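The values are calculated or read from the model by the stated rules, or taken from the named source; none is laboratory data. What you see is a predicted model, and the numbers here were worked out from it, not measured in a lab. Note that we place each Cβ from the backbone using ideal geometry, even for glycine, and neighbour counts take in every protein chain shown. To get the accessible areas, we keep the full protein, side chains included, count just its heavy atoms, and leave off ligands, DNA and RNA. Shrake-Rupley method; radii C 1.70, N 1.55, O 1.52, S 1.80 Å.
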Amino acid sequence: MKSLHAITNRGGKFALAASMVSLVFGPLPLKAAEGGSVADNFKKAFEAAGTEHFNLYNMLCPRIENANAGKIAQPDDARKESIEKAASAKVFDNLYYVGEYAFWESSASAWAIDTGEGIVLIDTLNPDSGPILIEKGLREQGLDPNNIKYIIVGHAHGDHYGGARYLQDKYSARIMMSDAEWDFLAKDKRDPDQKPRKDMVIKDGETFRLGSASFTFYVTPGHTPGTVSTIFTVKDGPKERKVAQWGGTGFGFNGAEGEEKLNWFKTYFQSAERFKSAIKESGADVVIANHPGLDNTIEKNAALSQPSARDSNPWVIGNDRVVAYVQTAQSCAAAGLAAYR
Ligand SMILES: [Zn+2]
């Protein structure tokens, strides 16, 4: 196992962010301004969401007590549909969607960044789709899966690391996760042969550079103990754009109750606060999600082929709306805090 630091010293392709922010283990006390009632925070989340981030609101706010509230039962052929209807897309000059078709919550996203010195993937879908769709999507987009060099796994749930072991074995792709998330993966009861072997460790605040792209990582616990959120660069004509990805979403918390549940909401809230600041500072004007329903992938990708997309890419929503995405999640977490305080 090698850490990013080891690679930094050896290969020179990695660099540390100028300001390293140490990961805060355990929630901090809340400020008075972070309070408010459940209803106040629902309202704040609803307003931040607007129509654009409404699916995110719906996946979080109604579920502060019951992780399955409002879930639509998935038909038997939902997995088949998510795989068969999947369509890859070129979103920016070197950013590609290679994930599943929406609409079911089990449908997951995978993203490929062609850095010029290799392909970096963000997430690898489910075990039934990852080994099929990623290679297929890359080939459709004229990319060679042999060039997959690194895989960032936002968090260690099976719908995001499902194809990681396959790609690790087949292409010797390097897998990156936070230390807490590698530990979390080790506890996952899935067959060890389906899990990626422990590889590179993402450190909070670190910047990873490859070819034309740079990726800054934020360890944002909340959905899981070591969820990683990322802000990275893409090429868009003469411009370099910043794209933000919130690495986890739901309030599952693995059946936590009482004080433990309250602490998860606090942790989630604080991670969101930090990632919002990072988004503001970076000027990111694009948000991509780890499930296609959350960022309206299918609708945006369909709009990419319309003539109007030549003047305005539907994925560019502006920094305020990217911040609003995380604000929606954060305000739902604040509602959870109010409910369990
Ligand atoms: Zn998850």
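Some notes on this structure:
- The set of residues from region 55-69 being assigned to a helix (DSSP H, G or I), surrounded by fewer than 19 Cβ atoms within 10 Å (Cβ to Cβ) and touching a residue at least 40 places away in the same chain (Cβ under 8 Å) comprises just one member, ARG63.
- When region 203-230 is filtered for residues that are among the β-branched types (Val, Ile, Thr) and either within 16 Å of the ligand (Cβ to nearest atom) or crowded, with 24+ Cβ neighbours inside 10 Å (or both), the ones remaining, listed by number, are VAL219, THR220, THR224, THR227, VAL228, THR230.
- Selection status of ILE152, away from the ligand (no atom under 16 Å from the Cβ), open to solvent by less than 10 Å² (accessible area, probe 1.4 Å), among the aliphatic types (A, V, I, L, M) and within 17 Å of the chain's Cα centre (by Cα): no
- A Cβ distance below 9 Å, combined with a sequence gap of six or more or placement on separate chains, defines the contacts here; from region 70-85, residues that are modelled with pLDDT under 90 and surrounded by 10 or more Cβ atoms within 10 Å (Cβ to Cβ) reach residues that are in a helix (DSSP H, G or I) and of a type in the set (Asp, Glu) in the pairs PRO75/GLU81.
- The residues of region 235-287 that are within 16 Å of the ligand (Cβ to nearest atom) and not in a helix (DSSP H, G or I), listed by number, are GLN245, TRP246, GLY247, GLY248, THR249, GLY250, PHE251, GLY252, ALA256.
- Inter-residue pairs, beta-carbon under 8 Å, first under 14 Å from VAL219 (Cα atoms) and among the hydrophobic types (A, V, I, L, M, F, W, C) and in region 192-206, second outside any strand (DSSP E or B) and open to solvent by less than 70 Å² (accessible area, probe 1.4 Å), 6+ apart: VAL201/LEU4; VAL201/TRP182; ILE202/LEU4
- Taking the listed residues LYS189, LYS170, the one that is more than 14 Å from the ligand (Cβ to nearest atom) and either assigned to a helix (DSSP H, G or I) or closer than 21 Å to SER109 by Cα (or both) is LYS170, with no other qualifying.
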